[in-house]
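First the structure, in the form of structure tokens, and then the observations on it.
The values are calculated or read from the model by the stated rules, or taken from the named source; none is laboratory data. Since the model is a prediction, treat every value here as computed from it, not as a measurement. Each accessible area value is taken on the protein alone, full model and side chains, heavy atoms only, with ligands, DNA and RNA left out. Shrake-Rupley method; radii C 1.70, N 1.55, O 1.52, S 1.80 Å.
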Amino acid sequence: MNTKIFDSQNKPSEIEKEVIVDFLYTHLEEYGDPKKDIKKAIEYSVKDFISFGGFTMLITEDEKIIGATVVNKTGMQGYIPENILVYLATHKDHRGQGLGKKLIQQVIDYASGDISLHVDAGNPAKQLYEKLGFTNPYLEMRLKK
């Protein structure tokens, strides 16, 4: 297994971006978003447009993605964590092998500052996040306009 990190200094090609988008779209399953939103988060992470940046991290095996995560910097500190883990998915054929834990641990080690994430209450990954120290101190409320 190898880890690859894309950021503002090491950007993915358009083809690599599409492969990452397709992977996340497929393996996030019912917890995912439309491909255009996934692509936007990746482009934010590598500063393809004006943003605070972040990184996209892949775990590969035999040149194929088996785990991927996208982390965006928020530009904030203290009252809002410096980073938000936007997407994390493991290949459905590699689940239950500790890959998600390994990927999150690498994100924690690599990111500077605190990390927040959104997780659906019924998502089985919620237990993993809690084991790694993530807490749920707030109830999120949204107004969609």
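Side notes on the structure shown:
- Shape category assigned to segment 6-87 from the gyration tensor of Cα positions, a/c cut at 1.5: prolate
- Alpha-carbon centroids, segment 66-131 and segment 2-32: separation in whole Å: 14 Å
- Choice from Gly53, Gly100, Gly133 with maximal GNM fluctuation in the chain (Cα, 10 Å cutoff): Gly133
- Overall form of the chain per C-alpha gyration tensor (a/c, 1.5; a/b vs b/c): rounded
- The chain, helix-only ellipticity at 222 nm - DSSP H runs n ≥ 4, -39,500 (n - 2.57), divided by all residues, nearest 500: -9000 deg cm²/dmol
- Using a probe radius of 1.4 angstrom, the carbon and sulfur fraction of the accessible surface of the chain is 51%.
- GNM result for the chain, Cα springs below 10 Å: residue of Ile15, Ile59, Ile42 fluctuating most strongly: Ile15
- Cα gyration tensor shape of segment 73-132, rounded if a/c is under 1.5, else prolate or oblate by comparing a/b with b/c: prolate
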